[in-house]
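S.K.: One structure follows; several queries about it will come next.
The values are calculated or read from the model by the stated rules, or taken from the named source; none is laboratory data. If you're wondering where the values come from, they're calculated on a predicted model, not measured in any experiment. All Cβ positions, glycine included, derive from the backbone under ideal geometry; neighbour counts span all protein chains shown. Remember, those area values only see protein heavy atoms, side chains included, never the ligands or the DNA or RNA. Shrake-Rupley method; radii C 1.70, N 1.55, O 1.52, S 1.80 Å.
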Amino acid sequence: MVFIGAHGLNEDWQSTTIEKTWQSFNSAPRSNGPSLKVISLRYPKMTVSQFFRNEVVGSDAVSATTVGVGFLNKEIRDARASCPSTRFVLAGYSEGAWIIDRYLRQKHDYNHRDVIGGVVLYGDPQADNGSKGQGLARRYGYGVSDPYIPDELGGRVKTFCYDHDPICGNGYESQSTDAQMRAALACSSDAECAHFRYATRGATEQGGRFLASKTFTEGAIDWQHRTYGLTCDGIVDKPVQVAVRNGKGVAKGSGLGGYDHWEVAVQETASGRLPRLGNVTAVLFSCSPQPSNFVNQELRVYREDGHEVGRTPSFDVSGLPPEYQPESLAVRDGRLAADVKFYGPEDNHSTGPSILRHVTWTWDGKRFVTHGAEPEAQVPKPVDLTQQAITVNGIGPVELGMSRAQAEKAVGAAIPEGPGGPDCTDLSIRGGPNGLLLRFAQDNLVAVYVLSSASTSISTASGIHLGSTRADVLRTYANEVTVGEDPDELIFEPAGSEFEGKVIKFHTTSDKVDSYIAGQREWAEFLPCGSD
């Protein structure tokens, strides 16, 4: 097994982001033990000014990545020449990520799926974040073709693009290419820019674990390419064999419960250890019987040798079945876990389910037992925080001092773990609102952070929102607002002993509010959590 790392702009062949990914990968528990070799590609260093010549991603950048692709191709070709069974994992940061995804689109004398176990990309200029924006290279149209990741790699590629990293473009969906470029140029001289935080906010640890999960635990089994026995969540009693390729398959023939065929997809996999079972992989399937207008989901668990342990029970609900949230699937703390949305009394097929529950399963020695799927009537509907006011004490029912579990209960939605630390983490609420972050320190809510990507419908109790003018803030808070050390910051500190130590800080650009944060003064800073 060969780990190949590709460095970013302004870096020699040594890269902190890649080095930390390697450390995380190399220290991961191994259920199978291939010998490891690490290679850092030594293509020439490229400066930011060379990359962004005349404030455009220009031909120098494209030429540099072409050189890097050549280096990568040579390393893989030479390794396979000496040992044809060699497999690889690839990690690329910034320019290195662009090099790797260009390489993955090329045609070679082998199938990528046969030799590449996993790929992790950080801050990729060619990233496609869907409705949230695109990387600068993609926006300038350099050698990009859809899909972003080649189909043959299936679920073996993980990308990281932090919010408001202008290089990979997450959060710049509503801005022009020129505006994103200006942000990237400013980022080049700002050590706190999101593009430089992948090595300090937990992404490298996650990236290394992801590569390990695809090689050490899943190495002998490609969960996107195998045959499964499925019941379409109990539509039939006897499992039907479905051959899955690139994560998708079709079941035909008899025994389909009266349907012509089933359309099946692998939605998510998660690996870890469970008591009594050891290393396992959970696979979440979607199954759409045809003809029909519904989709069932089925969760099955397999040992590391590929043999099935069992499936989780179908939910005992009347009416439409609940929906798993695929990205939440995990094996942790001795349990299988996932967020699941249930249909409430006022929900229907067109609106979808609205009641979010965090469900876990344990193995009792014979079967999986479900925990946390209480009847729908006992569960509140999620709170629409876009209609709740922000104050120095929090937002709506979410109050300072709450634990993450208490905040989840208050808002009726999950608040998944995210990058950050060691002192605090900025976490998003599952299902939004976009651009709203809850800042936790030692599992206590200490601030509410509104980014520039948030909706203007989110506002303070006094009506200040993104786009409000500097004059609006000064007039609204009058004698209780001061100018910070940074003249672009305005600080509202309400009078009264009950508000002591609590503030709302507004950051302005061109005399308009572009972000704000409310909560305890010591935590109400615009720097991302984990920054020095």
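S.K.: Count the net charge of all other residues whose Cβ sits under 11 Å from the Cβ of Arg521, scoring Lys and Arg as +1 and Asp and Glu as -1.
M.R.: On the way: positive: Lys502, Lys505; negative: Glu493, Glu500, Glu522, Glu525.
Around Arg521, the surrounding residues sum to -2.
S.K.: Right, next: What's the ranking of 65-72, 222-229, 85-92 by average number of surrounding C-beta atoms within 10 Å, highest first?
M.R.: Working: 65-72: 19.5, 222-229: 17.0, 85-92: 22.6.
Highest-to-lowest ranking by the protection proxy: 85-92, 65-72, 222-229.
S.K.: Given (1) 68, 50, 47; (2) 75, 62, 41; (3) 69, 64, 41, which label gives Cα extents along the principal axes in Å as computed from the coordinates?
M.R.: Checking each listed value against the structure points to (2).
S.K.: I would also like to ask the following. Which of the peptides 276-284, 122-130 is most tightly packed, and how do the rest follow, judged by the mean count of other Cβ atoms within 10 Å per residue? Write down the numbers at each step before the final one.
M.R.: Working: 276-284: 18.7, 122-130: 25.4.
So the order, starting with the most tightly packed, is 122-130, 276-284.
S.K.: Where the only charges are on Cβ atoms (+1 Lys, Arg; -1 Asp, Glu), what is the dipole of the chain about its Cα centre, to the nearest 20 debye?
M.R.: On the way: 51 positive and 65 negative charges, 407 e Å.
It comes to approximately 1960 debye.
S.K.: Non-local amide H neighbours of Leu9 (under 5 Å, H modeled in plane, Pro and chain starts lacking H): which ones?
M.R.: HN-HN under 5 Å from Leu9: Glu95, Gly96.
S.K.: Using θ = phi - 60° and the Karplus form 6.51 cos²θ - 1.76 cosθ + 1.60, what ³J(HN,Hα) does each residue of the range 226-243 get, whole Hz, x for Gly and Pro?
M.R.: 6, 9, 10, x, 10, 10, 6, 6, x, 4, 10, 7, 8, x, 9, 6, 10, 7
S.K.: At 222 nm, what helix-only mean residue ellipticity would the chain give, in deg cm²/dmol to the nearest 500, using -39500 (n - 2.57) for each DSSP H run of four or more?
M.R.: Numbers: 10 runs with 95 residues, N = 532.
Dividing the helical sum by the residues of the chain leaves -5000 deg cm²/dmol.
S.K.: How large is ³J(HN,Hα) for each residue in the range 382-392, as worked out from phi by the Karplus curve 6.51 cos²θ - 1.76 cosθ + 1.60 (θ = phi - 60°), to whole Hz, x for Gly and Pro?
M.R.: Couplings: x, 7, 7, 6, 5, 9, 10, 7, 8, 10, 5 Hz.
S.K.: At 0.36 nm per residue, and after removing the present C-alpha to C-alpha distance, how many nm does the segment from Arg182 to Val317 gain when stretched out fully?
M.R.: Details: separation 135, 0.36 × 135 = 48.60 nm, distance 5.26 nm.
Length difference between fully extended and current span is 43.3 nm.
S.K.: What pairs in Lys74/Lys107; Lys214/Lys238; Lys37/Lys107; Lys214/Lys252; Lys158/Lys409 have C-alpha atoms more than 19 Å from each other? Walk me through the numbers before you get to the answer.
M.R.: Values: Lys74/Lys107 14 Å; Lys214/Lys238 31 Å; Lys37/Lys107 25 Å; Lys214/Lys252 30 Å; Lys158/Lys409 30 Å.
The pairs that break the limit, which is 19 Å between Cα atoms, are Lys214/Lys238; Lys37/Lys107; Lys214/Lys252; Lys158/Lys409.
S.K.: Go through 331-338, 169-176, 520-527, 208-215 and give me the packing order, highest mean Cβ count within 10 Å leading. Please report the intermediate quantities before stating the final value.
M.R.: Working: 331-338: 17.9, 169-176: 19.8, 520-527: 15.9, 208-215: 23.4.
Highest mean packing first, the order is 208-215, 169-176, 331-338, 520-527.
S.K.: List the aspartates and glutamates whose Cα sits under 17 Å from the Cα of Lys132, skipping any in the same chain fewer than 8 residues away.
M.R.: Straight-distance partners of Lys132: Asp124, Asp146, Asp163, Asp165, Glu173, Asp178.
S.K.: In the neighborhood of Phe294, defined by Cβ-to-Cβ distances under 11 Å, what is the net charge if each Lys or Arg adds +1 and each Asp or Glu adds -1?
M.R.: Working: positive: none; negative: Asp233, Glu323.
Charge balance near Phe294 sits at -2.
S.K.: Kindly state, to the nearest 0.05, the FRET efficiency for Ala389 paired with Asn293, given R0 = 35 Å and r defined as their beta-carbon distance. Please list the in-between numbers first.
M.R.: Values: r = 40 Å, r/R0 = 1.14.
Efficiency at R0 = 35 Å is approximately 0.30.
S.K.: Tell me the net charge near Ser428. Cut-off is 15 Å between Cβ atoms, Ser428 excluded, with +1 for each Lys or Arg and -1 for each Asp or Glu. Don't skip to the end; give the middle numbers.
M.R.: On the way: positive: Lys132, Arg201, Arg404, Arg430, Arg439; negative: Asp163, Glu327, Asp339, Glu408, Glu417, Asp426.
Its environment carries a net charge of -1.
S.K.: Another one. How far is the Cα center of the range 156-175 from the Cα center of the range 407-452, in Å?
M.R.: A separation of 19 Å, based on Cα centres.
S.K.: Using +1 on the beta carbon of Lys and Arg, -1 on that of Asp and Glu, and nothing else charged, what's the dipole of the range 409-532 about the Cα centre, debye to 20?
M.R.: Dipole size: approximately 540 debye.
S.K.: Further question: Output wanted: per-residue J couplings in Hz (rounded whole) for the range 118-131, from phi through Karplus 6.51 cos²θ - 1.76 cosθ + 1.60, θ = phi - 60°, x for Gly and Pro.
M.R.: Once θ is set to phi - 60°, the couplings for the range 118-131 become x, 9, 10, 10, 10, x, 6, x, 9, 4, 10, 9, x, 6 Hz.
S.K.: 5 Å is the cut-off here: which amide hydrogens, built 1.01 Å from N in the peptide plane, fall below it relative to Ile116, excluding neighbours closer than 5 in sequence?
M.R.: Phe88
S.K.: Would you work out which of Asn348, Ala330, Gln267 lies farthest towards the positive end of the dipole of the range 249-365? Charges go on Cβ: Lys and Arg +1, Asp and Glu -1.
M.R.: Ala330
S.K.: Could I ask something else about it? Pull the list of the chain cysteines that no other Cys approaches to under 4.7 Å, Cβ to Cβ.
M.R.: Cys83
S.K.: Please give the solvent-accessible surface of Ser314 in Å², to the nearest 10, using a probe radius of 1.4 Å with every protein chain present.
M.R.: Here the accessible area works out near 60 Å².
S.K.: Okay, moving on. For a bin width of 5 Å, list the pair-distance distribution of the range 381-479 built from all Cα-Cα distances, rounded to whole %.
M.R.: For the range 381-479, the pair-distance distribution reads 3, 13, 24, 24, 17, 10, 6, 2.
S.K.: Pull out the extension gain between Val483 and Arg77, defined as 0.36 nm times the separation in residues minus the alpha carbon to alpha carbon distance; nm, one decimal.
M.R.: 140.2 nm
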